[in-house]
Structure formats: C-alpha cells, structure tokens
Amino acid sequence: MATANMKDVKRRIKSVESTMQITKAMQLVAASKLRRAKDKAVAVQPFFETLFKTMCDISCDRAFKSVYTKKKFLNSTLLIVVAGDRGLAGGFNSNVLKMAKAKADDVLSSGGQLRVMAVGKKAVEFFEKRDYDLVWKYPQIAENIDTDTVIDIVEDIIAGFRNGDYDKVELVYTTFVSALTQEPCSLQILPVEDLDKLGGKKHPSTIYDPSPEEVFDGMIPQYIGGMLYSAIVDSYASEQAARRTAMESATDNAGEMIDNLSLLYNRARQAQITQELTEISSATIGR
Amino acid sequence: MTPFDLKIITPEKTFFEGNTEQIIVRTVSGDIGILAGHAPYVANIVSSPFRIKIEGEFRTAAISGGLIKVSADGVTVVTSAIEWADEIDVARAEKAKAAAENKLRENASQKEFERAEQKLRRAMNRLVVAGKK
C-alpha cells in the first residue's frame with residue numbers, strides 16, 4: 001500500500017513542479033512587459049497635458065460653439081471598452097468588464113440607445129456573447145499600439161459623432177494605480193465638457209489661425225487620440241501588473257503544495273522503511 | 001539669428017527639445033515661418049515637411065498633423081507622429097502608399113475614400129521628406 005501511495009505522491013509533485021515552472025515564467029514575462037508598458041504610459045503624459053491645457057486656454061479666451069461641446073439630446077451613447085487580450089491575470093478582465101456591463105445596462109435601462117466598441121480580445125468575446133450592439137472590434141492591438149492605429153480608430157469615432165449616430169462617447173478602462181492596485185474607471189470623451197472651468201489661462205492677444213473654433217475642432221482628433229492611446233497603454237500596463245501578481249501568488253501556492261507533498265512523501269517513505277526493518281527483525285527473532 | 005526654445009512632443013516621446021533659430025511648417029491656412037519673438041499664436045498643422053533651423057542649417061522632418069503653439073516661453077509642437085528625414089521607414093511608407101492607392105481605385109464609400117486619401121497624404125509626405133519621390 002505504501003509503495004503505491006508513494007508513487008502517486010511523487011507524480012503529483014512532478015506535475016505541480018511543471019505547473020510552477022510555467023507560472024514562474026509567466027510572472028517573469030509579465031514583469032518585464034510591465035516595465036516597458038509603464039515607460040510608455042509615462043511618456044504619453046506631456047503630450048496629453050499640452051493638448052488639454054491648450055484646449056482649456058482656448059475655451060477661456062473666447063466664447064464659441066463647437067459641435068464637440070454641445071450637450072446631448074438624442075440620448076444615444078457609444079461605449080468604448082478596453083480590456084486585455086489574454087486571461088490568467090487575476091480579476092483584471094472581469095473587473096473592467098463588470099463595470100462596462102453596469103454602464104451599458106444603465107444606458108439601456110434609462111431608455112437610451114447603446115453602441116459598443118470593444119478593444120482587446122476579452123472585451124470582444126464578452127460583448128459578442130451577449131446581446132449588445134457591438135459596432136467596432138479591435139482585438140489584439142494593445143501590445144504594439146502605435147499612433148497610426150489610434151488615429152484610424154479615432155476617425156471612426158468622430159465620423160459617427162458628427163454623423164449623429166451617438167451624442168455621447170464614454171470610455172471604460174483599467175487605470176494603473178500601483179504595481180499591486182489597478183482600478184477600472186470610466187471617462188467621458190465626448191461631448192467635451194466644462195473646459196472653461198478647469199483653470200485655463202487667459203491670453204487675449206493670442207492669434208488663433210484661422211479661428212478659435214477651427215483650431216479647437218482641429219485639435220479634437222489629436223485630443224481623443226491622446227486619450228484613447230493613453231487609456232490603452234494604461235490598461236495594458238495594468239494587465240501586466242495584474243498578471244504578474246496573479247502568477248506570483250500561483251507560484252507561491254505551488255511551492256507550498258510541493259512542500260506539503262514532499263512531507264507526505266517522506267513520511268510514507270519512512271513508514272515503509274520502518275515496516276521493512278520490523279519485518280526483517282521479527283523474521284530474525286522467529287528463526 | 002536669435003535662438004528660441006522648441007519642444008516637439010508625440011504620444012511616444014519628447015521628439016525634440018532645444019534651441020532653434022527658425023521653423024517652417026504648414027498649417028491649415030498655409031506655410032508659416034516662426035522666428036524668435038513671434039506673437040502668441042496657435043494653429044493646426046497638416047501633414048507636411050517640417051523644417052527646423054539649428055545653428056544655421058535646416059533639418060527636415062515629416063510631420064503628420066498636430067498643433068503648434070507659440071507663447072512667450074517658446075514654441076510647443078504636439079503631433080501624433082514625426083520623423084527626421086533619415087529615420088523614415090521608406091519601405092513602410094511605400095507599402096502604405098500602394099495600399100491607399102488601391103483603395104482609392106476601388107470606388108469605396110465616401111468615408112473610406114476620405115480615409116484612404118488621408119493615408120495617401122501621410123505616406124506621400126514621408127516619401128517626399130525622405131527624398132524618394
């Protein structure tokens with residue numbers, strides 16, 4: 001009996017060990033990807049800040065109307081959801097998708113129309129399975145995101161907005177708080193609201209070529225592009241951080257399991273040796 | 001010429017930060033040259049060659065749309081993409097140009113047509129700046 005048990009335990013130790021190797025490797029990969037993703041997320045900051053500040057300044061300088069600032073009246077929303085391309089990242093995907101679903105159901109229950117744009121394979125799968133109007137799918141763009149890709153997406157968003165397909169654009173993604181905390185959050189992209197109250201400085205002598213309205217409208221694609229780009233980069237960094245944490249605890253658990261199993265194995269081995277010794281010595285006595 | 005501060009920012013990095021004596025860039029309403037002491041000015045940039053004079057010599061880069069802001073502290077340019085002439089990926093631009101031209105020939109919808117046109121403009125701009133066309 002003891003030998004059979006020992007074999008089982010040995011086999012289990014081996015299988016846990018190979019699982020641990022995989023989770024350890026995934027942890028290391030995620031850690032190195034996280035480092036690069038964080039650099040990217042930091043690099044986009046000055047770009048976005050400059051654009052945002054300029055837009056605030058324009059809003060302060062002159063009173064004007066832009067199609068991008070008008071309040072909604074159609075009650076129709078485009079929801080952009082950014083999630084990961086892969087699983088095994090703890091609660092990363094489910095957290096952001098839960099929030100997105102709550103937002104979507106909010107819109108629908110208040111009688112509004114809803115369209116969904118899904119970025120990341122997990123988001124695409126989630127909304128395909130359910131009964132939502134999924135108009136755009138962008139799986140697997142986050143890892144090697146570049147500005148040309150984002151500009152293309154943004155042109156779609158803006159064309160739809162100008163066309164009147166929807167009059168509100170909201171973005172749901174995961175923001176990187178720290179290596180241990182990532183939080184899902186949402187952001188209204190269009191219409192652009194309340195810029196004049198956000199502390200822009202007045203520069204009455206500034207020349208806007210050809211006019212403040214046109215400069216403002218011309219900046220919108222860059223502005224939304226910057227927002228979307230930073231959301232995707234932010235979400236990607238969060239995904240890697242979540243995966244690193246999840247895989248770290250998986251590796252720790254595997255180590256613990258191996259320790260327990262080794263203890264079991266050693267006990268069984270010792271019991272077997274003791275039994276053999278007893279058998280031998282009792283055989284000697286009996287002779 | 002009096003130098004002034006120039007900063008060029010893209011989403012990926014700060015592309016250029018330093019002194020320059022003159023810049024020439026195409027805005028929505030036409031080419032504009034900026035020298036030190038220019039009045040505060042804000043305009044949108046279109047895809048075009050972007051020329052920067054450093055120590056008496058012009059360097060050219062391909063810029064794909066963005067914003068130029070001139071204030072008392074210097075000039076800030078924000079753009080989604082910019083490359084120096086010698087850093088342009090010519091093969092990629094050629095490919096983008098061919099793809100856009102195919103799209104234009106296909107009698108696509110108005111929206112697709114406009115987008116292909118934009119892409120063609122960006123690709124052409126890169127090729128022109130790289131000196132390959």
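Quick look at the values:
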quantity	calculated
Accessible area buried at the A-B interface, both sides summed, 1.4 Å probe (Å², nearest 100)	2500
Angle in degrees between helix A:92-109 and the longest Cα principal axis of chain A, rounded to the nearest 10	40
Calculated [θ] (222 nm, deg cm²/dmol) that DSSP helices of n ≥ 4 give over chain A, each run adding -39,500 (n - 2.57)	-22500 deg cm²/dmol
Cleavage-rule hits, GluC sites (Glu not before Pro), the stretch A:178-287, DSSP coil, Cβ neighbours within 10 Å at most 14	A:193
The stretch A:19-165: C-alpha gyration tensor shape, a/c 1.5 cut-off, then a/b vs b/c	oblate
Long-range HN-HN contacts of residue A:169 with modeled amide H, under 5 Å	A:78, A:189, A:190
Rg followed by Dmax, in Å, when the stretch B:90-130 is reduced to its Cα trace	10.0, 31
Separation of the residue B:57 and residue A:186 label points, Cα + 7 Å toward Cβ, nm	5.6
Hydrodynamic radius by Kirkwood, which averages 1/r over all alpha carbon pairs of the stretch A:109-235, in angstrom	16.7
On Cα atoms only, tilt of B:110-130 relative to the major axis of chain B in degrees	50
Note, ³J(HN,Hα) from phi for the stretch B:10-27, Karplus 6.51, -1.76, 1.60, rounded to Hz, x at Gly and Pro	10, x, 7, 6, 7, 6, 8, 8, x, 8, 8, 9, 7, 10, 10, 8, 9, 9
Mean-position separation - Cα centroids, the stretch A:120-172 and the stretch B:56-92, in angstrom	28
Semi-axis lengths (Å, descending) of the ellipsoid that matches the C-alpha gyration tensor of the stretch A:21-68	43, 11, 5
Positive-end extreme of charge dipole, the stretch B:90-130 - chosen from B:109, B:90, B:124 (charges on Cβ)	B:90
Anisotropy class of the stretch B:4-85 from Cα gyration tensor, a/c 1.5 cut	rounded
Computed magnitude of the charge dipole of the stretch A:32-243 (debye, nearest 20; Cβ of K, R +1, Cβ of D, E -1)	640
Radius 12 Å from Cβ of residue A:234, net charge of other residues (Lys, Arg +1; Asp, Glu -1)	0
Gyration tensor verdict on chain A (Cα atoms; rounded if a/c is under 1.5, prolate if a/b is larger than b/c, oblate otherwise)	prolate
Computed magnitude of the charge dipole of chain B (debye, nearest 20; Cβ of K, R +1, Cβ of D, E -1)	540
Among A:206, A:114, A:172 - extreme Cα towards positive end, dipole of the stretch A:32-243, charges at beta-carbon	A:172
Charged-residue dipole, Cβ positions (Lys, Arg, Asp, Glu), the protein assembly as shown about Cα centre, Debye nearest 20	1100
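The values are calculated or read from the model by the stated rules, or taken from the named source; none is laboratory data. Only a predicted model underlies this, so the values are computations on that prediction, with no experimental measurement involved. Cβ atoms come from the backbone with ideal geometry, glycine included; neighbour counts cover every protein chain shown. Only protein heavy atoms, including side chains, enter the accessible area calculation; ligands, DNA and RNA are left aside. Shrake-Rupley method; radii C 1.70, N 1.55, O 1.52, S 1.80 Å.
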